[in-house]
Structure formats: C-alpha cells, structure tokens
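Sharing a structure, written as structure tokens. Questions coming.
What follows is calculated from the coordinates using simple rules that are stated; it is not laboratory data. Computed from a predicted model, the values in this text were never measured in an experiment. Glycine gets a Cβ as well: all are built from the backbone with ideal geometry, and neighbour counts include every protein chain shown.
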C-alpha cells in the first residue's frame, strides 16, 4: 500500500489524506479522481472569474483581491442558506391551515377528479340501429312488387347505413 502512495501525484495524496482525516477508510480508487476533477474545475472557474474582475478593474494581472471576490461570488451564487427555522414554521402553519381534500375510499388507485384530468371522449363509433327482421322482410317484399331499380328508392342496406348512430366513449370510466 505504501508503494501505491508513492506513485500518486501530490494532489491525489492530499485528497487521500483529507478522506483519511474525515474518517473515510473504505472507498473506490475512482473517488480520488472524481474529487480531483471537481477540485480542478472549481479552481479553473474561480481563476477565470478573477481574470474577468481583474480585466474589468484595468489591472495587468490577477491579485489576491480578485481571487477573494471570485470566491465570494461563487459562495454567494452557488450555495444558498436555508431560511431561518421560524420562517419555515410559519410557512408550515399557513399551509397546514388548509385541510386536505377528502379521500375517495375504494378499491384500486385513487384518481383525481374528472375536471382535473385530460380524459374526455376522443373518438366516435358509428353504430347501426338494428331493425326488426320483420321490417327488413317487408322492405324486400315491397322491392319485388315495384319496378326493379326506381331512382328515388333506397335499398334496405342503404336504409340501415343511413340510420347509424354516433356514440362517444370516454377513455376511462370510474364507478362511484
């Protein structure tokens, strides 16, 4: 294990020492590389911000004040403090004044009310109305007695098609 430490770069040794000092004994070796990547990314961001501040101030090089300002900017915009406990308690009191809606008890998954969903009839079926068999037979008899193809008369199948009814169905139906 001592041979492994000698092969590591100085920054990796520092990360390893930090992990040990925090009581972390067991970790994957990739953790060190992930910490190093995060560390380098953070340093590059801070230094590029410090360069922008230095250029804005008309300085030729980055100084300590530019770096402090860049770090403070990162802290202010990257990390936010939670609100005080009193504020959270007041928000909770106000929210808890409104009672929860009554639950619909029943088997299965409780679904929201229909007005809060996007479920509506979205297709129609043309359902032919059924005629009694006797009426269809009478129509056929009438056709035999009349001219073979009168221009204004309709065939029984045409009548059945013209008497179709459109019916809409919702996608889901809940029973209450």
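Suppose each label sits 7 Å from its Cα in the direction of the beta carbon; what would the residue 87-residue 43 distance come out to in nanometres?
Distance between label points: 3.6 nm.
May I ask you to order 75-82, 60-67 by the average number of other C-beta atoms within 10 Å around their residues, highest value first?
The peptides rank, most packed first, as 60-67, 75-82.
Classify the range 2-93 from the C-alpha gyration tensor, please: rounded if a/c falls under 1.5, else prolate or oblate depending on whether a/b exceeds b/c. Intermediate results must be reported in sequence, preceding the final value.
Working: a/c = 3.46, a/b = 1.14, b/c = 3.02.
Note, shape of the range 2-93 comes out oblate.
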